[in-house]
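To keep things clear, I will list the structure first and then write my remarks on it.
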Amino acid sequence: MNILIVDDEALARRRLATLLADCGAMPPHRVVEAASSAEALALLTPGDGRGVDLVLLDIHMPGLDGLALAHRLRALARPPAIVFVTAHAEHAVSAFELEALDYLTKPVRLERLQQALAKAQRLRNPSGHAPASAAAAPGESLLIQDLGRTERVPLAEVLLCKAELKYVTLRTAARSYVLDSTLAELESRHAAHLMRVHRNALVARSAVRALERYFDAEEGEGWAVRLAGLADLVPVSRRQVAAVREAIAGS
């Protein structure tokens with residue numbers, strides 16, 4: 001993917017370039033930098049934008065700011081996808097009115113950048129088929145960042161992902177983690193391993209052992225799935241019962 005970083009601060013551009021290198025794309029992303037909107041337009045306009053797939057765009061810059069530049073980019077015959085990268089969260093509404101793909105706040109986390117890149121990749125492949133280089137590998141893992149510590153959790157060990165307020169709680173047989181992501185992103189990127197059983201829960205397909213009758217104090221009589229490695233039952237929504245039965249029958 002061809003990526004243009006637009007930020008008037010050299011350190012900010014360098015950090016994003018380093019994070020992009022850490023994303024582990026094969027082949028690596030081709031990254032170009034611009035220190036102003038004018039430089040960005042000079043790079044984009046001659047080719048009408050078609051040489052750049054994604055722009056990582058700061059908002060507060062001298063001269064033409066990021067929001068104004070985004071307006072210009074939308075007018076190109078083939079506009080690149082735009083992800084705003086800024087320290088100012090108050091511009092989020094304006095950003096999405098400009099049909100921004102994502103909105104990242106500084107300092108950018110590697111996991112959030114990976115999510116934005118995944119969205120851009122899906123935009124380039126609307127059929128939903130990822131390129132062969134992006135296929136899931138046996139050693140695939142999720143990156144967890146917590147209290148300054150970064151840890152890789154093998155996807156094969158993940159049993160349950162549950163939405164909890166603004167975060168996702170990830171469960172393995174050994175412990176729990178907090179992941180700065182969404183269930184929709186996890187489901188989209190790891191559908192071969194994770195399946196939806198409820199609006200707030202994904203479970204590992206290979207861990208599903210049984211579908212059982214279950215009583216919930218709020219929702220009443222229903223169904224829940226039992227997972228290998230977890231003591232707690234996981235409620236299953238009515239619309240997902242058939243899919244869970246199929247998963248058990250095919251396992």
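For segment 156-250, which semi-axes, largest first and in whole Å, follow from the square roots of 5 times the eigenvalues of its Cα gyration tensor?
19, 15, 13
Report the charge-dipole magnitude of segment 156-250 in Debye, nearest 20, computed about the Cα centre from +1 at each Lys and Arg Cβ and -1 at each Asp and Glu Cβ.
With only Lys, Arg, Asp and Glu charged at Cβ, the dipole is about 220 debye.
Counting other beta carbons within 10 Å of each residue's own, what order do Val55, Val208 fall into, fewest first?
Final ranking by Cβ density, sparse to dense: Val208, Val55.
Estimate the FRET efficiency between Arg213 and Arg122 by the formula 1/(1 + (r/R0)^6), using the beta-carbon distance for r and 45 Å for R0, to the nearest 0.05.
0.75
With 10 angstrom as the radius, rank Leu211, Leu56 by how many other C-beta atoms surround their C-beta, starting from the fewest.
Leu211, Leu56
Within a 10 angstrom radius of the beta carbon, how do Tyr214, Tyr103 rank from fewest other beta carbons to most?
Tyr214, Tyr103
Apply 1/(1 + (r/R0)^6) to the Cβ-Cβ distance of Val178 and Ala77, taking R0 = 41 Å, and write down the FRET efficiency to the nearest 0.05.
Working from the Cβ atoms, E equals 0.45.
None of the figures in this text is laboratory data; all of them are computed from the coordinates on show. What you see is a predicted model; the values in this text were computed from it and never measured. As a convention, Cβ positions derive from the backbone with ideal geometry for all residues, glycine included, and neighbour counts pool all protein chains shown.
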